[in-house]
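First up is the structure itself, then whatever we jot down about it.
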Amino acid sequence: MPHAGEDPPHNECADRFPPNRYPGKDVLVGGKRFDALQVGVRVLWEIKTHRFDAYSDFIQRQTILEQVPLLQEERDIAEACGYGFVVGVSTQAHKDALLQRDPRLDIVVTGCMR
């Protein structure tokens, strides 16, 4: 499926990391869209290009509270369908905050920002 959003920097990152088996496309698995299917392995990716470090403490907390349940749902769908699941984030601070809420998430710092 074509990338869902009209956010060129986000889409470019989704194609570059991990790299995406289907550049320019999202992957529909278990009724859920994922940003990328990694070349050569059965791993689905969700890419976050937020400028997390620039957010106030309040917005950072709200972002994590919103993202973690969605990422857990995506991970569960990926695993139920026989895929691994990785989250790509822009910064180490974003990674650390997500891992503090769920240490089971597999997260990679991409450096991509919109």
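Taking a Cβ-Cβ separation under 4.7 Å as the criterion for a possible partner, which cysteines of the chain have none?
Lacking a cysteine Cβ partner under 4.7 Å: C81.
How much length, in nm to one decimal, is gained on full extension between R114 and E73, taken as 0.36 nm per residue of separation minus their Cα-Cα distance?
Numbers: separation 41, 0.36 × 41 = 14.76 nm, distance 2.44 nm.
So the chain would gain 12.3 nm between R114 and E73.
Want the number for Y22 to Q62: 0.36 nm per residue separation, take away the alpha-carbon distance, what's left? Before the final figure, lay out the partial values.
On the way: separation 40, 0.36 × 40 = 14.40 nm, distance 3.20 nm.
Gain on extension, Y22 to Q62, equals 11.2 nm.
Of all DSSP beta bridges in the chain, what percent run antiparallel (nearest 5)?
Numbers: 7 of 15 bridges.
In the chain, approximately 45 percent of DSSP beta bridges are antiparallel ones.
Determine which aspartates and glutamates satisfy two conditions relative to K25: a Cα distance under 14 Å, and not lying fewer than 8 residues away in the same chain.
Within the straight-line limit of under 14 Å, K25 reaches these aspartates and glutamates: E6, D7, E12, D15, D35, E46.
Express in nm, to one decimal, how much length is gained between V39 and D106 on full extension, taking 0.36 nm for each residue of separation and deducting their alpha carbon distance. All intermediate terms of the calculation are to be shown ahead of the outcome.
Values: separation 67, 0.36 × 67 = 24.12 nm, distance 1.72 nm.
So the extension gain works out to 22.4 nm.
For each of I47, I107, I59, I77, count neighbouring Cβ atoms within 10 Å of the residue's Cβ, then give the residues from fewest to most.
Numbers: I47 25, I107 20, I59 12, I77 17.
Least to most surrounded, the residues fall as I59, I77, I107, I47.
At M1 and Q92, where each label point lies 7 Å from the Cα along Cα→Cβ, what is the point-to-point distance in nanometres?
About 3.6 nm separates the two model spin labels.
With θ set to phi - 60°, apply the Karplus curve 6.51 cos²θ - 1.76 cosθ + 1.60 along segment 58-63 and write out the HN-Hα couplings as whole Hz, x wherever there is a Gly or Pro.
4, 5, 4, 4, 4, 4
Run the helix sum for the chain: -39,500 (n - 2.57) per DSSP H stretch of 4+ residues, divided by residue count, reported at 222 nm to the nearest 500 deg cm²/dmol.
On the way: 3 runs with 43 residues, N = 114.
Only helices count here, giving -12000 deg cm²/dmol.
Specify the angular offset, from 0 to 90 degrees and rounded to the nearest 10, of the alpha carbon long axis of helix 92-101 from the longest principal axis of the alpha carbons in the chain.
Helix 92-101 sits roughly 90 degrees off the main axis of the chain.
To the nearest 20 debye, what is the magnitude of the charge dipole of segment 8-109 about its Cα centre, counting +1 on the Cβ of each Lys and Arg and -1 on the Cβ of each Asp and Glu?
In debye, rounded to 20, segment 8-109 gives about 180.
Can you give me the relative contact order of the chain as a percent, contacts being Cα pairs under 8 Å and 6 or more apart?
On the way: 196 pairs, mean separation 29.6, N = 114.
Relative contact order of the chain: 26 percent.
For I107, which sequence-distant residues (separation of 5 or more, or a different chain) have an amide H within less than 5 Å of its own amide H, given hydrogens modelled in the peptide plane?
Amide H to amide H, under 5 Å and 5 or more residues apart or across chains, I107 pairs with V87.
Every number here is computed from the coordinates shown, using simple stated rules; none is lab data. Please read these numbers as outputs of a predicted model, since none were measured by experiment. Neighbour counts run over all protein chains shown; Cβ positions are idealised from the backbone, glycine included.
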